[in-house]
1. Residue check, residue 107 against (1) farther than 15 Å from residue 140 by Cβ; (2) out of contact with any Leu (no Cβ under 8 Å at 6 or more places or on another chain), all met but one. Which one?
2. Between 63, 56, which is free of Cβ contacts under 8 Å to residues at least 40 places away in the same chain and either under 20 Å from residue 121 (Cβ atoms) or in contact with a strand residue (DSSP E or B) (Cβ under 9 Å, 6 or more places away or on another chain) (or both)?
3. Could you look through the range 8-67, keep only residues that are among the polar types (S, T, N, Q) and in contact with a Lys or Arg (Cβ under 8 Å, 6 or more places away or on another chain), and pick out the one that is modelled with the highest pLDDT?
4. For the range 7-36, how many residues are among the β-branched types (Val, Ile, Thr) and within 16 Å of the chain's Cα centre (by Cα)?
5. What number goes with the only condition from (1) among the aliphatic types (A, V, I, L, M); (2) over 20 Å from residue 35 (Cα atoms); (3) surrounded by fewer than 17 Cβ atoms within 10 Å (Cβ to Cβ) that residue 135 does not pass?
6. Would you say residue 47 is part of a helix (DSSP H, G or I), over 23 Å from residue 135 (Cα atoms) and more than 14 Å from the chain's Cα centre (by Cα)?
7. Would you confirm whether or not the range 70-87 contains a residue that is polar (S, T, N, Q), within 19 Å of residue 60 (Cβ to Cβ) and at pLDDT below 90?
8. May I ask you to list the residues in the range 26-53 that are surrounded by fewer than 17 Cβ atoms within 10 Å (Cβ to Cβ) and within 15 Å of residue 125 (Cα to Cα)?
Amino acid sequence: MRLEIWIWIFAWLSIPLVLYLLVPRTKVPDAHIVFLFAQLLTWTIDLLNVQFDLVQFPYREFQYATKTSFTLHYIFYPGVFVLYALFVPERRGWPVRVGYHALWTLLIVLFIYALDRYTELVKLVYTNFFLRFGITLTLLLLTRVFYVWYRKGFRAAEDGTESAA
């Protein structure tokens, strides 16, 4: 079997398992909404990247339906974004928080470059590390901002300071 298929199998088995094991029961609804928001972001950015020929996906699940990678942007990246957004060290000092954001961004970008180099899942047509790092960091921060905004509405509704609608 090709390496790409093994990566797909690994993503489809490991991401749900890791989310099941690491996301606390009290944060499962939060994980769902963050997952859906991350799908929105990753699909949108991915479609733009493909449209402007910045990235190609030579080996993909649905050859005729889309030019994007379904598994990477439907399950893998959103799952990683959930883990990132739910476990930000909010009560730590700014160096720890900056390091947290930088580390997650760096790991995702290195994963993309590894896929580009060793598989046919991703072929980066335009490879600027700093641009890719900036885009990934922006997506992660947007996910985090959305999650904080989402939770703020629930806290206000629970406190009775705002209407739940």
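1. (1)
2. Exactly one residue qualifies, and that residue is 63.
3. 56
4. First pass over the range 7-36, keeping only residues among the β-branched types (Val, Ile, Thr): 7, 9, 15, 18, 23, 26, 28, 33-34.
Restricting the remaining residues to those that are within 16 Å of the chain's Cα centre (by Cα) gives 15, 18, 23, 33-34.
Within the range 7-36, residues that are among the β-branched types (Val, Ile, Thr) and within 16 Å of the chain's Cα centre (by Cα) number 5.
5. (2)
6. The answer is no for residue 47.
7. Yes, that holds for at least one residue.
8. Scanning the range 26-53 gives 47, 48, 51, 52, 53.
The values are calculated or read from the model by the stated rules, or taken from the named source; none is laboratory data. Since this is a predicted model, take the numbers as computed values, not measurements. Because the Cβ atoms are built from the backbone with ideal geometry, glycine has one as well, and the counts that use them run over all protein chains shown.
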